[in-house]
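What follows is a set of notes on a single structure, which appears directly below.
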Amino acid sequence: MQQSAKSDVPYAWKPLVVCPNAPMALRVRSALEEQGFPEVCLVSQYPQAGAIAGLVARQGSNVCFLDVASNPERALQLISEAAPLIPVVALNPGNDADLILRCLRLGACEFLADATSEQVGAVLERLTRLHAKAEPRKNGSVCCVMPGKPGSGASTLATYLAMEMKRSGISKVLLVDTDAVTGSVAFLLKLKSDFHVGDAVRDWQRMDDDLWGRLVVPYHGVDILLAPENPATRVAVDQRVAFDLLTFWRKHYQTIVLDLPGAYSPGLEFAAVGDEILLATTSDLAALHASRRTLECLEKVSVDRSKIKLVVTRYPSSTGLKREDVETALGLEPYALLSNDYDAVQAAVLDGKPVDPESHLGRSIGALAERLLGKQKAARKRSTLFGLLAHRS
């Protein structure tokens, strides 16, 4: 009998269920499983404001079943955030015409009063017809690199980390410079292009493979989208654009590294929907003070603190604090310590090449890439976590 209730739903749906009502959540999940969708992301509490886009991106979800009865005002806010990204099916066992109208105005596309297998199947069939040409998402990982304080080496880290990811065996790597003021990636690698990230933002609605191929610059097997050459060029990114661009990039690349400006500049929209954030800071007091304020700024836009990884650059420093002091100051354990290797960076910049992988800094970034890719050996876990400095004579 259960098999006969299953509808013919060919599209590869990845449902997200946001439902504080536990009995309703159980019925929806059971109905989805009967319809052949065992991979259901179930969230038992309403996400914080601004957080649902990141949740959708991390899970690769393409339809949201949302309980609008438990807290209508909170649910309506979530509909306004989620509807521009994915179809929203409102779950409402009542018959409140005013609530239904408000949900429709904010973008909900379907309603379910009782989440039976047949009703859920019918909803998914209708959505499948509406999205017949859509393709399932491929989930490339997105690593955002941003400075706790300007001048902390975030752009250097982003640039050479992307190169190391490629060297570590990732076949498709994308590096994006979103900092229109400094444009550091082009400087570090001596690159020029007629196109930049602003063009991708402007043309995101008509983005396809042909257009994308004209925007990027290939370098050592890595595709690079540069920042504008003119620092006065303003690149405005809203959450919808950030989400759609990242969705496009995830389909084409295994790893995407974003070089983001500071927390008070445009680019936070990418951080909100990325998978992890490498927060670069030096260990001096001024940088730690600024980094603490940056962490507060990220929390205000609902960036999940668990995906923030602290990277201490130019370590050790004669004027900086020790690792334990950095952790105390920021309340965040350092994820990696990168060598203070001025000569290696200068040699790489002069040649417009990636940093020497055998230099102290090169080995540090190599160890960081291995950890991000999950390639660390268990026996090296402790030493690599806090010993990325590679002091060798």
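Taken together, the values in this text are just the output of simple stated rules run on the coordinates, not laboratory data. All figures in this text were calculated on a predicted structure; none of them were measured in a lab. Note that each Cβ is placed from the backbone with ideal geometry, even for glycine, and that neighbours are counted across all protein chains shown.
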What FRET efficiency, computed as 1/(1 + (r/R0)^6) with R0 = 41 Å and r the Cβ-Cβ distance, is obtained for residue 373 and residue 73, rounded to the nearest 0.05?
0.45
As a check on your grasp of the helix formula, calculate [θ] at 222 nm for the chain: sum -39500 (n - 2.57) over DSSP H runs of n ≥ 4, divide by the residue count, round to the nearest 500.
-12000 deg cm²/dmol
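Go through 192/309; 192/353; 300/322; 307/375; 172/375; 192/251 and tell me which ones have a Cα-Cα distance over 22 Å in this structure. Don't jump to the answer; show the numbers that get you there.
Values: 192/309 31 Å; 192/353 14 Å; 300/322 28 Å; 307/375 19 Å; 172/375 17 Å; 192/251 26 Å.
Exceeds cut-off: 192/309; 300/322; 192/251.
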Antiparallel DSSP beta bridges within the chain, as percent of all bridges there, nearest 5
5 percent
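Any chance you could run the full-extension gain for residue 230 through residue 293? It's 0.36 nm times the residue separation minus the Cα-Cα distance, nm to one decimal. Mind dumping the intermediate values first?
On the way: separation 63, 0.36 × 63 = 22.68 nm, distance 2.88 nm.
Full-extension gain reported as 19.8 nm.
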No solvent, one uniform scatterer per C-alpha: report log10 I(q)/I(0) for region 176-317 via the Debye equation at q = 0.17 1/Å, two decimals.
-1.02
For region 179-228 and region 331-356, what is the centre-to-centre distance using only Cα atoms, to the nearest Å?
23 Å
Residue of 97, 348, 83 that the Gaussian network model of the chain assigns the largest fluctuation, springs spanning Cα pairs under 10 Å:
97
Applying 1/(1 + (r/R0)^6) with R0 = 45 Å to the Cβ-Cβ distance of residue 126 and residue 252, what FRET efficiency is obtained, to the nearest 0.05?
0.95
Over the chain, volume per residue of the alpha carbon convex hull, in Å³:
158 Å³
